[in-house]
Amino acid sequence: MKKILLFVLLCCGSIASIAQDFTTKKEVVQQLRLANDYFMKKWPDPGKTIITNKERRGNIWTRGVYYEGLMAFYKIDPEKRYYDYAVDWAEKHDWKPVRGEVYTRHADNQNCGMTYIDLYRIDPQPVRIEAIKKNIDSVINSGRYNDWTWIDAIQMAMPIYVKLGVTLNDPKYFDYMYKMYHHIKYVEGGKGLYNSEDKLWWRDKDFVPPYTEPNGEDCYWSRGNGWVLAALALVLQELPATDPHYAEYLADFKNLAEGVAPLQRTDGFWNVSLHDPNHFGGKETSGTALFVYGMAWGMNNGILDKATYLPVVEKGWTAISKESIQPNGFLGYVQSTGKEPKDGQPVTVDKVPDFEDYGLGCVLLAGTEVYKMVE
């Protein structure tokens, strides 16, 4: 009995030590400032178009994810320049979805609305949510709820519904959000994109079996599953617990964390292919950051067990802060845009991805929750 007690005390002491010693609040803020300052200096004009293989408006989903992270970072490091940068971005895009398409149904084009709503909550000027509200209302009024056909869409649009519902005190947004979620989870691609056996999500119908990775396993894309974990965290932190579907979202969040945690590499990162480490295996920052964000948020809110997930988050954040964030603030090991392991390869420490913004957004989200977790 004494040996068991000693073991428990040692484990608890070890967990407390991890929480206190693997980083500090000051270190986290310094690292996030370094990465964010690199980006803001590179993009001083938030209205500037983005040119890669073609020219795009500066409020596409990649940039929307960055501002999502910036708004989270602003809460722990409230420098006015972050707020001003976000407002300037929104104003230069008229507070509208991508290309001003108020009635777009595409989740990627709606993503910027998440930040518009956050800015409205700080300064409730009607223009800040007028277009995104009109956009989502048009989707609801159509009665069609099969727009989300790829799991990235869960993160791109789902939190907008819960934010509008809370902001406007109107449960119709919660109700329709579930219809969209139910379709992608249970219906899309034949039987839905969620595999309850592995507790992971297929990216879209193209990856549902019989499609397999080279090793014969199902194809689960790291960043895609990261999008889902992050989205569920964002939904759960705002959705009233009395909502009839709250328990399902909570169970899905816990199950996904449980499915992802054992797949972490020994160096703290996750491979782009979660079940085939030899298929373009290697360190990857964006998926890793999303997993760290979700798990850290879960622990911070008493949803996930610290004894299980704290070592995972410690290793993940250490990998990001020590290996991804370079001395000049550049983020290494970020997979370029795509939808599967082979896209955007090779992923290396010095390769500049096609877009530098969404990876930073993911890291800002992760760092913000790690900051809250650190003693």
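The values are calculated or read from the model by the stated rules, or taken from the named source; none is laboratory data. Please read these numbers as outputs of a predicted model, since none were measured by experiment. Here the Cβ positions follow ideal geometry from the backbone for every residue, glycine too, while neighbour counts run over all protein chains shown. Surface areas here come from the heavy atoms of the whole protein model, side chains and all, with no ligands, DNA or RNA. Shrake-Rupley method; radii C 1.70, N 1.55, O 1.52, S 1.80 Å.
For the range 280-375, the tally of Lys pairs with Cα-Cα distances below 24 Å comes to 14, considering only residues 8 or more apart or on different chains. Rg and Dmax, both from the Cα atoms of the range 149-247 and both in Å, are 14.4, 49. Size descriptors for the range 28-169, from the alpha-carbon set: Rg then Dmax equal 15.0, 47 Å. Which Cα, out of Ile50, Leu119, Trp317, lies furthest along the positive dipole direction of the chain (beta carbon charges, K/R +1, D/E -1)? Result: Leu119, furthest along the dipole toward the positive end. Take the Cα of Asn169, step 7 Å toward its Cβ, do the same at Asn215, and the gap between the two points is 5.3 nm. Shape analysis of the range 93-200 yields a ratio of the Cα radius of gyration to the Kirkwood radius, Rg/Rh, of 1.00. For the range 255-375, the convex hull spanned by the alpha carbon atoms encloses 100 Å³ per residue. Modelled spin labels at Glu101 and Lys26, positioned 7 Å past Cα toward Cβ, are 4.9 nm from each other. Counting only the Cα atoms, the chain fills a convex hull of 143 Å³ per residue.
What separates the Cα centres of the range 307-375 and the range 58-102 is a distance of 20 Å. Ligands, DNA and RNA left out, the 1.4 Å accessible surface of the chain is 53% carbon and sulfur atoms. Charge dipole (Cα centre; +1 on Lys/Arg Cβ, -1 on Asp/Glu Cβ; no other charges) of the chain amounts to roughly 400 debye. For Lys96, the lysines whose Cα falls under 20 Å of its own Cα, not counting residues fewer than eight places away in the same chain, are Lys48, Lys133, Lys134, Lys163.
Normalise the Debye intensity by I(0) for the range 313-359, one equal point scatterer per Cα, no solvent, then take log10 at q = 0.14, 0.20, 0.24, 0.29 Å⁻¹ and round to two decimals. Result of the Debye calculation: -0.34, -0.67, -0.89, -1.08.
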